[in-house]
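Report on one structure; see the data block that follows.
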Amino acid sequence: MNRLTQGVVRRAVRATNAVGSALSRVGVSLPGLEERSLRQAAQRTSELEDFGDETLRHALRMLLRALENEARLNLLGRVVARQDIIGLLATRLRLQHDWKCYPGIAAEHIRRPLFIVGLPRTGSTLLHRVLAEDPGNRVAQAWEVMYPSPPPTRECYESDPRIARAARQLEWFGTLNPDFQAIHATGPRLALECIAFMSPSFLSWRFYTMYNVPSYQEWLEEQDFVPAYGFHRRVLQQLQWRAPADRWVLKAPSHMLAFEALFETYPDADIVQTHRDPQTVFASAASLTATLHSTFSDRPDHVGIGREVTRRWSLGLERAMQFRRSRRVAEDRFLDVHYHQLVTDPMATVRRIYTHFGIPLTAGVEARMRHFLAENPKDRHGRHRYSLEPFGLDGGDLSRRFKAYREYFDIPLEPTPGLEE
């Protein structure tokens, strides 16, 4: 869409939300988020009935309750949340159908996957997309994460019609929220966080990123994530069944919160953990979350976002450090990467990773990676501006609070954020 069209769409959205607010004030019902209605809509959409393991229902109910009571959804937000959940339920129905129809999917072996983890905004997306340039590495592209059923095939992998479908959906979202692209570039063929594989189980960290649902988030942190990682593994098996993968390279910051479940599911996994000064991370992550929340709510709670982002990732760091100190998994299964080393010389970081985990790096692959870096400079989609103040965060307090983490991983302090990334 061109700028004129984008402007027209955004003005129409604002007018629609204003009408929705007026209708709500006079008691007119807005698009509903009732579990029964959502499940029935998904069954009609997919023409399927079997959701599989019905333990998903409690998780779904926890999410729906938080969406109704906490998210402050505007009319667009309610429409998007409803369609989002119907889509996830329909995806679950289709996956369950595939798994029953094609028993060969369950026999697929996931060999020594490489997971990139770490606080958000620490260069993990850059690293993920550089590693995706190696044909020996299989990443989950956005289109197949969004539409994993039916299983993709090697023959049609580059021309699958779902690529164009995903492109249209991402373009629409970009029109609604043009600032998001400067923070996190999107595209149907770009590598996407694998945490989205868990979304149809409704045990997923991605919901708080999109919507203000703190009670769901707190509930989620106390759950056993082994079933969610089991679902994650089944989706990987689905994707590689007819489009084989030599080695999966997967990425999501939230894996730090559940290393136990990750290694129970993938006992031969390797981990690259990215690091950066938390005060910079939290300002940037809070800005990203606020940008998403503001798309679906006219009253995003910036101070609440700052508090919740800090609490969530404090817990993530604490759990990750406890797991690594326990030595339940050999330390050589981890490699630590510092943000400034990564962005200063990405290829030196790549060579460290390949050497550490015994992966061959050919001259041809290195040339592909260098070409990608040259074609995708850091600020290609604009600069991301953020600061601590709007989120009620204090640089000095964060510095003191995370001193042990910085010292354990030898992370340098950064200037208090106040301008741009």
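Numbers below:
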quantity: Mean ellipticity per residue at 222 nm, deg cm²/dmol - from DSSP H runs of n ≥ 4 across the chain, formula -39500 (n - 2.57); calculated: -17000 deg cm²/dmol
quantity: The range 85-162 and the range 232-260: distance between their alpha carbon centers, rounded to Å; calculated: 7 Å
quantity: Reported label for calculated Cα extents along the principal axes in Å given (1) 78, 52, 38; (2) 70, 54, 38; (3) 63, 55, 45; calculated: (3)
quantity: Cleavage-rule hits, trypsin sites (Lys or Arg not before Pro), the range 322-352, DSSP coil, Cβ neighbours within 10 Å at most 11; calculated: Arg327, Arg328
quantity: Cβ crowding within 10 Å averaged over residues, with 281-290, 309-318, 73-82 ranked highest first; calculated: 281-290, 73-82, 309-318
quantity: Gyration tensor verdict on the range 103-238 (Cα atoms; rounded if a/c is under 1.5, prolate if a/b is larger than b/c, oblate otherwise); calculated: rounded
quantity: Sequence ranges 364-375, 128-139, 164-175, 196-207, ranked by mean other-Cβ count within 10 angstrom, highest first; calculated: 196-207, 128-139, 164-175, 364-375
quantity: Radius 10 Å from Cβ of Asp134, net charge of other residues (Lys, Arg +1; Asp, Glu -1); calculated: 0
quantity: Protection-proxy order for peptides 143-152, 403-412, each taking the mean of Cβ atoms within 10 Å per residue, highest first; calculated: 143-152, 403-412
quantity: Residues whose placed amide H lies under 5 Å from that of Asp336, excluding near-sequence neighbours; calculated: Gln273
quantity: Per residue convex hull volume, Cα atoms of the range 78-149, in Å³; calculated: 134 Å³
quantity: Charge dipole (debye, nearest 20) of the chain; +1 at Cβ of Lys and Arg, -1 at Cβ of Asp and Glu; calculated: 640 debye
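Since every read-out is calculated from the coordinates, none of them should be taken as a lab result. All values derive from a computational prediction rather than experimental measurement. Glycine also receives a Cβ, built like all others from the backbone with ideal geometry; neighbour counts cover every protein chain displayed.
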